[in-house]
1. Return the pairs, sorted by first residue and then second, in which the second residue is among the aliphatic types (A, V, I, L, M) and part of a helix (DSSP H, G or I), the first residue lies in segment B:1-22 and is at positive phi, the beta carbons are less than 8 Å apart, and the residues are 6+ apart or on different chains.
2. Do you know which residues across segment B:34-56 are touching a Cys at 6+ places or on another chain (Cβ under 7 Å) and away from chain A (no Cβ under 11 Å)?
3. Identify all residues within segment A:69-83 that are within 10 Å of chain B (Cβ to nearest Cβ) and not basic (Lys, Arg); write none if there are none.
4. Among the residues of segment A:29-52, how many are crowded, with 19+ Cβ neighbours inside 10 Å and more than 21 Å from B:Leu104 (Cβ to Cβ)?
5. I need a count of the residues in segment B:103-124 that are surrounded by 22 or more Cβ atoms within 10 Å (Cβ to Cβ), farther than 18 Å from A:Ala34 by Cα and either facing another protein chain (nearest Cβ under 9 Å) or within 13 Å of the chain's Cα centre (by Cα) (or both).
Number of protein chains: 2
Amino acid sequence: MTDLEAANEEFFAAFEGADLDRMEALWADGPDVACVHPGWAMLRGREEVMRSWALIMANTPYIQFVLTDVRAEIFGDRGVVTCSEHILTAEEGSDVGFVAGGSLVTTNVFVRVGDEWRLCLHHGSPVLNQIEEE
Amino acid sequence: MTDLEAANEEFFAAFEGADLDRMEALWADGPDVACVHPGWAMLRGREEVMRSWALIMANTPYIQFVLTDVRAEIFGDRGVVTCSEHILTAEEGSDVGFVAGGSLVTTNVFVRVGDEWRLCLHHGSPVLNQIEEE
């Protein structure tokens, strides 16, 4: 695994762990960062993006990702990773737990800061039309 | 408007015009191109992406975009454009026409080929949760 792919894995691991500190450490600084959560409008600026992660993590009792079709490409000090995610999550109020699943696709753009890859754009979206995968 | 922003406008103009030749001319060559239509899984490779555009254009009698919140950033031979789109489209079978609307968010990654920007990644997604925009 390249360091860019490892940074991409770190994004999903921070989310799975509901670890806001880890998520904050991964994201780049400044007003140019942007984030699209699945089904959401685009959020711009580190402050707004981090507020959204705090909200989402507080409302996600359990989530686990299985990544497939990961492609990572580096050009200069930027890296673009695209991948599909198959998710397990717990629905609040469910006695059974772990009932909800689904598929997402993600584009993550990273910027190299020193010897680290920091996330500057996350775009996640729901796969609503499974026909295209067949 | 920069040439990168103009390339981004060309993408939406080609779609509005249902002009597959124009869309094909905008996209980069090769297996590394990728496309996520709103609600779709990720399509990879120029051939599959172009087949999807032919299908979508054949099934979209009318569509018009109003772009907002456009941000374009260049690093080396790549350019990343993010924007929101507010759409008007016609539903087939509607007597009134022009009834359906909605909002999307897009990430477009372009590669510079000679003096042209060519599209290598399009990721569009539906805005399902309007609360975040308020």
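Derivation of every value follows stated rules applied to the coordinates shown; laboratory data play no part. This structure is a prediction, so every number in the text was calculated from the model and none was measured. FYI the Cβ positions are ideal-geometry reconstructions off the backbone, even for glycines, and counts take in every protein chain you see.
1. B:Ala18/B:Met57
2. First, the residues of segment B:34-56 that are touching a Cys at 6+ places or on another chain (Cβ under 7 Å): B:43, B:49, B:52.
Listed by number, the list holds a single entry, B:Val49.
3. Step one: list which residues in segment A:69-83 are within 10 Å of chain B (Cβ to nearest Cβ), which gives A:69, A:71, A:73, A:75-78, A:80, A:82-83.
Across segment A:69-83, the qualifying residues are A:Asp69, A:Glu73, A:Phe75, A:Gly76, A:Asp77, A:Val80, A:Thr82, A:Cys83.
4. The qualifying residues number 1.
5. The qualifying residues number 2.
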